[in-house]
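Everything on this sheet refers to the single structure shown next.
The values are calculated or read from the model by the stated rules, or taken from the named source; none is laboratory data. All figures in this text were calculated on a predicted structure; none of them were measured in a lab. With ideal geometry, Cβ positions are generated from the backbone for all residues, glycine too; neighbour counts draw on all protein chains shown.
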Amino acid sequence: MASLIGQNLPTLVLLAAIGQLVLIVASLAIPRVLGWRAETAKLRPLTRQVFWTYAAYIWATNLSFGLVSLHPAWLLDGSPLAAGVTGFISAYWIGRVGIQFFYFDRSDAPSGPAVRLAEVGLVALFVYLAAVYSAATLFNLGRIGP
Amino acid sequence: MPSSITFFFHIAAAVHLGVASANLFAFRKFHYLEHLAGVPLIVRQVFLVQNAYLMAVQVGLALLCAFFAGELTSGRPMSVAVTGFLAVFWGSRVVLQLGYYDPSLRQANRLFDVLFILADGYLTAVYAAAAIGGLRL
């Protein structure tokens, strides 16, 4: 099983790249769906500007993960840097899965089948990303082989 | 790539930790939680998660600079990609500080403003030097 994962890791990382690039395009709709512009208009200017700056940088971070993953050979070269980067990306997405289930209160979030479907898709993507980058980390550490 | 750049990466690690800890300080100084009390819970939670994630990214980058300085300057495609992206990332942060944040707010918080510009400018310079140096190897 571990060997099978190792052999297919380049493809799995490439799919992760595509998933993250789709995510960053789709996430451009989140402010409109959740009404962030109207909601953040109630904030003081500094807090509002910090909110949007944070949002932009999280978006850019996700973009960077997607772009670097378009080159699976770079991320799977077995170097300490590759292990460090894949380890960090896996921790990032594992944390995101935990936040989705244990922190976010969705009681006042929009409802309906489309939103529900989007949320299921989003969580499935987070789980996939967490799993693939964890496997990539183990590969770079020599724990699983091709 | 001169080995002395390792020294600059170690300083960059300290800068990253400084910026990360400034976020904690900013919470109290600028009363973010009080200001967020008037918005829906989900917006408040998104703000806090974004803040926590950016702090985690800063700590991750500090570890990268502290322990992988040699690799970041190796000239391999991965190193050039990482340092090149981080140069753009922090360079754009300088542009945001100068062009996006309200001038009156920057004036009122001049010390923070100058420190952020210096910190982000330093990180931009170090990552850009590593990326450019890596491309020449």
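If you go through the stretch B:30-69 and keep only what is among the small types (Gly, Ala, Ser), surrounded by fewer than 18 Cβ atoms within 10 Å (Cβ to Cβ) and facing chain A (nearest Cβ under 9 Å), you end up with B:Gly38, B:Ala52, B:Ala56.
For the criterion of being surrounded by 14 or more Cβ atoms within 10 Å (Cβ to Cβ), small (Gly, Ala, Ser) and out of contact with any His (no Cβ under 8 Å at 6 or more places or on another chain), A:Ser64 passes.
Can you confirm whether the stretch A:89-99 contains a residue that is more than 14 Å from A:Pro10 (Cα to Cα), buried (at least 20 other Cβ atoms within 10 Å of the Cβ) and of a type in the set (S, T, N, Q)? Among the residues of the stretch A:89-99, at least one is more than 14 Å from A:Pro10 (Cα to Cα), buried (at least 20 other Cβ atoms within 10 Å of the Cβ) and of a type in the set (S, T, N, Q), which makes the answer yes.
If the condition is being of a type in the set (S, T, N, Q) and free of Cβ contacts under 8 Å to residues at least 40 places away in the same chain, then the stretch B:82-108 contributes B:Ser92, B:Gln97, B:Ser104, B:Gln107. Residues of the stretch A:1-48 that are assigned to a loop (DSSP other than H, G, I, E, B) and buried (at least 19 other Cβ atoms within 10 Å of the Cβ): A:Leu43 alone.
Out of B:Leu17, B:Leu111, which single residue is more than 9 Å from every other protein chain (Cβ to nearest Cβ), in contact with a helix residue (DSSP H, G or I) (Cβ under 6 Å, 6 or more places away or on another chain) and either within 15 Å of A:Thr47 (Cα to Cα) or in a helix (DSSP H, G or I) (or both)?
Numbers: B:Leu111 fails: in contact with a helix residue (DSSP H, G or I) (Cβ under 6 Å, 6 or more places away or on another chain).
Residue meeting the stated conditions: B:Leu17.
In this structure, is B:Leu61 more than 14 Å from the chain's Cα centre (by Cα) and modelled with pLDDT of 90 or more? No. Considering (1) surrounded by fewer than 18 Cβ atoms within 10 Å (Cβ to Cβ); (2) small (Gly, Ala, Ser); (3) within 12 Å of another protein chain (Cβ to nearest Cβ), the lone condition that B:Ser79 does not fulfil carries the number (1). Only residues that are facing another protein chain (nearest Cβ under 9 Å) and touching a residue at least 60 places away in the same chain (Cβ under 8 Å) were counted across the stretch A:49-79, and they come to 4.
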